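Accompanying notes for the structure given below.
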Amino acid sequence: MFLAEFGAGLIAESTALLADSLDMLADATVYAVSLYAVSRSTRSRAGAARLSGYLQFGLGLFVLLDILRRLLIGSDPDPFYMIAVSAVALAANALCLWLISQHREGGVHMRASYIFSQNDVIANSGVIASGLLVALSGWRSWDLLAGVIIGCIVCWGGIRIIRDAREALTALGSTSEPDAT
């Protein structure tokens, strides 16, 4: 989905689609890290979550920088492309959220995956809404506004994950759990 949505974002000149595609890249990475950490120690799972949080925060900042670039050079997003691609992404992300929701209390790494999936569903809904608003009003800045909101949601999700991982690591410092893998 990252590749499809990223390509669609470039073709449609949509900041919101590009932002959402980068969030999907972060998700794929988080899922891989979370799967790696499943059979590891609590410390390793917390470290995996922290890495995921930094990745998500960094991608959110990248999106916000791209929005600044588009403010300076302009963009002409294709609202119908935005809506169609994001509808497919919403279906995929809703399925992922449903699957992960059953395990969201399984550890800090699973809570990170759940936060990522929640953010995706919100972001996809935002892209669809901005596409509708661009189509109905002709005001292209709805796309940029949606990109700003998605970028901020992604950054906030990264901060939440980093804090959760830090709390888990701090709690481990006061326990005697070994760091065996």
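The values are calculated or read from the model by the stated rules, or taken from the named source; none is laboratory data. Owing to the predicted nature of the structure, the values given are computational and were not obtained by experimental measurement. A quick note on method: Cβ atoms are made from the backbone with ideal geometry, for glycine too, and the neighbour counts reach across all protein chains shown.
For the stretch 8-24, which residues satisfy the criterion of being surrounded by fewer than 17 Cβ atoms within 10 Å (Cβ to Cβ) and either without any contact (Cβ under 8 Å) to a residue 12 or more places away in the chain or touching a Leu at 6+ places or on another chain (Cβ under 8 Å) (or both)? Before the answer, list the steps.
Initially, the stretch 8-24 is screened for residues surrounded by fewer than 17 Cβ atoms within 10 Å (Cβ to Cβ), giving 10-11.
Within the stretch 8-24, LEU10 is the sole residue that qualifies.
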>> Cβ-Cβ under 8 Å, sequence separation 6+ or interchain: first residue in the stretch 44-64 and over 15 Å from LEU25 (Cα atoms) and touching a residue at least 40 places away in the same chain (Cβ under 8 Å), partner of a type in the set (Phe, Trp, Tyr) and surrounded by fewer than 24 Cβ atoms within 10 Å (Cβ to Cβ). Which pairs?
In response: ALA48/TYR36
>> Go through the stretch 65-86 and report how many residues are free of Cβ contacts under 8 Å to residues at least 60 places away in the same chain and closer than 28 Å to ALA49 by Cα.
In response: 1
>> Condition check: within 14 Å of VAL148 (Cα to Cα), at pLDDT below 90 and not in a loop (DSSP other than H, G, I, E, B). Does PHE62 satisfy that?
In response: yes
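SER117: in contact (Cβ under 8 Å) with a residue 60 or more places away in the chain and within 19 Å of LEU35 (Cα to Cα), yes or no? Break it down into steps so the answer makes sense when it comes.
Numbers: in contact (Cβ under 8 Å) with a residue 60 or more places away in the chain: yes; within 19 Å of LEU35 (Cα to Cα): yes.
Yes.
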> Of the numbered conditions (1) farther than 23 Å from ARG160 by Cα; (2) of a type outside the set (Phe, Trp, Tyr); (3) touching a residue at least 40 places away in the same chain (Cβ under 8 Å), ARG40 satisfies every one except a single condition; which is it?
Replying inline: (1)
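Quick one: which of ARG69, ARG50, ARG40 is at pLDDT 85 or above, charged (D, E, K, R) and surrounded by fewer than 18 Cβ atoms within 10 Å (Cβ to Cβ)? Step through it out loud before you land on a result.
Working: ARG50 fails: surrounded by fewer than 18 Cβ atoms within 10 Å (Cβ to Cβ); ARG40 fails: at pLDDT 85 or above.
Criteria check complete, one pass: ARG69.
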